[in-house]
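S.K.: This is the structure I want to talk about, given as structure tokens.
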Amino acid sequence: MRAWHVTRNGEPEDVLELVEVEDPTPDAGEVLVRVAAVAANFPDVLLSRGEYQVRPDLPFIPGIEFAGTVQALGPGVEGLAVGDRVVGGKIGVLSELAVLPAQDLHPTPGALDDIAASGLMIAYQTAWFALHRRAALREGEWLLVHAAAGGVGAATVQLGVAAGAHVIAVVGSEAKAQVARDLGAHEVLVRGVDDIPARVKEITDGHGADVVFDPVGGSAFEASTRCVAFEGRIVVIGFASGEVPTLRTNVALVKNFAVLGLYWALYSQRRPDLVAEAHEALTRLAASGAIAPLVDEVVPFERAPEAIQKLAGGQTTGRVVIEVAR
């Protein structure tokens, strides 16, 4: 099969190499999947740079989120059959075939084709766990979403609207503002143009944001601490800005807010039952039309480095999807 290898650490367009490797075979409890589409994620950028919290030995196959079809079952696998459409999340899927533990695979929602479904697992699961498991978002609360036109941000806006929250979206440019509005955001602010804390307080009549979704870090996190509500919750997803912020804990004390971390892969490892429950909920929302993965561009397998590099430059709205097989 063909697969992309990270051969050394650096920018994706410089360190990814297309190689021919032996077809994998599933062991007990594993499933061989023919990959149809892989959604590029910012962790793919960090994996290429050697900056992700997980650092596979070189060379390795990147890609962490995909849609495909079951090709073969390892011994002891139940509940799946050859030909089933599935989605999953695991490092090492930017290839024509991939082997995953059966517990890491879930049925593809019937409402989604493979291109859309490829972006369902990581982005929507991350957003779901952030809003519902970590922050316990309630109907009628104010939700502030940073990087709202990106893949995970767009998912969070849609899920926030579906939960009955009042969503304030922060985007990186005027060009992305309409994207956030189309996703259902009630208010849209532009980073670098709007004074985020002041505008959030103005929009909420001084109340502030009950829940903040922050995949950016840096100045976005600092701004969030200035406009989070009494007993508000800031969920830290990642640091796309490249800057890991420092929190003065006395600020959290005097304002009575919480900072919550979310690394979704830990749920996949430790509580797969909760991942399955979230997938069922997301499948229902997809069937109702409440969520629909936003796809910015579809590129062929041969252009995978270009797709991942676009994420590094913050040039995307929604997902960039790498089509592996038609």
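Any read-out appearing in this document is the output of simple, stated calculations on the displayed coordinates, not a laboratory observation. Nothing here was measured: the structure is a model prediction, and the numbers come from that model. Every residue, glycine among them, receives a Cβ derived from its backbone with ideal geometry; neighbour counts consider all protein chains shown.
S.K.: At 25 °C and 0.890 mPa s, what whole-number value in µm²/s does Stokes-Einstein give for the translational diffusion of segment 32-128, with Rh from the Kirkwood sum over Cα pairs? Mind dumping the intermediate values first?
M.R.: Working: Rh = 13.7 Å.
Stokes-Einstein gives a translational diffusion coefficient of 179 µm²/s.
S.K.: Using +1 on the beta carbon of Lys and Arg, -1 on that of Asp and Glu, and nothing else charged, what's the dipole of segment 3-126 about the Cα centre, debye to 20?
M.R.: Numbers: 6 positive and 19 negative charges, 58 e Å.
Approximately 280 debye in magnitude.
S.K.: Using a 10 angstrom cutoff on alpha carbons, build the Gaussian network for the chain and name the most mobile of Leu266, Leu73, Leu47.
M.R.: Leu266
S.K.: For the chain, set up a GNM with springs between Cα atoms under 10 Å and report which of Ala290, Ala67, Ala154 has the largest fluctuation.
M.R.: Between Ala290, Ala67, Ala154, it is Ala290 that shows the largest mean-square fluctuation.
S.K.: Extending each Cα 7 Å along its Cβ direction at Asp14 and Arg181, get the distance between those two points in nm, one decimal.
M.R.: Distance between the two pseudo-spin positions: 4.0 nm.
S.K.: Provide the percentage of antiparallel DSSP beta bridges, counting only those with both residues in the chain; round to the nearest 5.
M.R.: Details: 30 of 57 bridges.
Restricted to the chain, the bridges split so that about 55 percent are antiparallel.
S.K.: Using the Cα centre as the reference, give the magnitude of the dipole from point charges on the C-beta atoms of the chain (Lys, Arg: +1; Asp, Glu: -1; all else neutral), rounded to the nearest 20 debye.
M.R.: 840
S.K.: Report Rg/Rh for segment 165-312, rounded to two decimals, where Rg is the Cα radius of gyration and Rh the Kirkwood radius. Present the calculation step by step, with values, prior to reporting the outcome.
M.R.: Numbers: Rg = 17.4 Å, Rh = 17.6 Å.
We get a ratio of 0.99 for segment 165-312.
S.K.: Identify the residues of segment 217-233 with backbone N under 14 Å of a label point that sits 7 angstrom from the Cα of Val244 along the Cα-to-Cβ direction, or state none.
M.R.: Taking a point 7 Å out along Cα→Cβ of Val244, the residues of segment 217-233 whose backbone N falls under 14 Å are 217-218.
S.K.: Could you please state, rounded to a whole Å, how far the C-alpha centre of segment 49-107 is from the C-alpha centre of segment 266-326?
M.R.: Their Cα centres are 14 Å away from one another.
S.K.: Right, another one. In straight Cα distance, which lysines are under 22 Å from Lys90, not counting same-chain residues fewer than 8 positions off?
M.R.: Leaving aside lysines fewer than 8 places away in the same chain, those within reach of Lys90 are Lys310.
S.K.: Here's something else I'd like to know. Per DSSP helix of 4 or more residues, -39500 (n - 2.57); summed, then divided by the residues of the chain. What does that give at 222 nm, rounded to the nearest 500? All intermediate terms of the calculation are to be shown ahead of the outcome.
M.R.: Details: 12 runs with 100 residues, N = 326.
Roughly -8500 deg cm²/dmol at 222 nm, from the helical runs in the chain.
S.K.: Give the residue from Ala169, Val212, Ser241 lying farthest towards the positive end of the charge dipole for segment 169-278; charges sit on Cβ (+1 for Lys and Arg, -1 for Asp and Glu) and the dipole is referred to the Cα centre.
M.R.: Going by the Cα projections, it comes out as Ser241.
S.K.: Most fluctuating residue of Asp14, Asp210, Asp44 in a GNM of the chain with Cα springs under 10 Å: which is it?
M.R.: Result for the chain, Cα springs under 10 Å: Asp14 fluctuates most.
S.K.: Let me ask something else. To the nearest µm²/s, what D does Stokes-Einstein give for segment 174-249 at 25 °C and 0.890 mPa s, using the Kirkwood radius over alpha carbon pairs as Rh? List each step's numbers first, then the result.
M.R.: Numbers: Rh = 13.1 Å.
Answer from the Stokes-Einstein relation: 187 µm²/s.
S.K.: Also, quick follow-up: Counting only C-alpha contacts under 8 Å and six or more residues apart, can you give the relative contact order of the chain as a whole percent? Present the calculation step by step, with values, prior to reporting the outcome.
M.R.: Numbers: 758 pairs, mean separation 60.5, N = 326.
The normalised contact order for the chain reaches 19 percent.
S.K.: Could you order peptides 300-309, 25-34 by the average number of other Cβ atoms within 10 Å of their residues, highest first?
M.R.: Values: 300-309: 19.9, 25-34: 17.4.
With the highest mean Cβ count within 10 Å placed first, the list reads 300-309, 25-34.
S.K.: So, one more: How many angstrom lie between the Cα centre of segment 112-133 and the Cα centre of segment 164-191?
M.R.: Segment 112-133 and segment 164-191 have Cα centres spaced 19 Å from each other.
S.K.: So for each of 116-127, 187-198 I average, over its residues, the number of other beta carbons within 10 Å; can you give me the resulting order with the highest mean first?
M.R.: Numbers: 116-127: 27.7, 187-198: 17.0.
Sorting 116-127, 187-198 by mean packing, highest first, produces 116-127, 187-198.
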